[in-house]
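To start, the structure itself, in structure tokens.
Each value in this text was obtained by applying a stated rule to the coordinates, not by laboratory testing. Quick caveat: nothing in here was measured; it's all calculated off a predicted structure. Note that each Cβ is placed from the backbone with ideal geometry, even for glycine, and that neighbours are counted across all protein chains shown.
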Ligand code: AMP
């Protein structure tokens, strides 16, 4: 199986502006930011999309939801939005699960 784009970033084969790393996940700035603060939080495990996660992945997903606010807070953002696009109709373009963490501007609702 060929590596996903995000596996290549995790393995250091493609450069990225890393803001967080631990044994289970990494976070780096989105190359095409949609807010003043826009970071992607990515599990090292290459789950293609949220809908492919299993019960076994629950601790990893929980960990990421705990880490996301910490990353936002460390960059001065108490308020932020977390987005997961699942599948093409929902806007997913990279098939390696990732949380978008967006902050630094007012967020509209409903999302586009
Ligand atoms: P999604 O459309 O939800 O799959 O999100 C994929 C995100 O990856 C988009 O917001 C892209 O801007 C971002 N992206 C694509 N290539 C890179 C890259 N090399 N480094 C950082 N972010 C990227």
(request) Looking only at region 32-68, count how many residues are surrounded by 11 or more Cβ atoms within 10 Å (Cβ to Cβ) and within 21 Å of residue 10 (Cα to Cα). (result) 25
(message) Given (1) within 11 Å of the ligand (Cβ to nearest atom); (2) assigned to a helix (DSSP H, G or I); (3) in contact with a helix residue (DSSP H, G or I) (Cβ under 9 Å, 6 or more places away or on another chain), identify the lone condition not met by residue 14.
(response) (2)
(request) Among residues belonging to region 80-111 that are more than 17 Å from residue 27 (Cα to Cα) and in contact with a helix residue (DSSP H, G or I) (Cβ under 8 Å, 6 or more places away or on another chain), point out the one that is surrounded by the fewest Cβ atoms within 10 Å (Cβ to Cβ). (result) 87
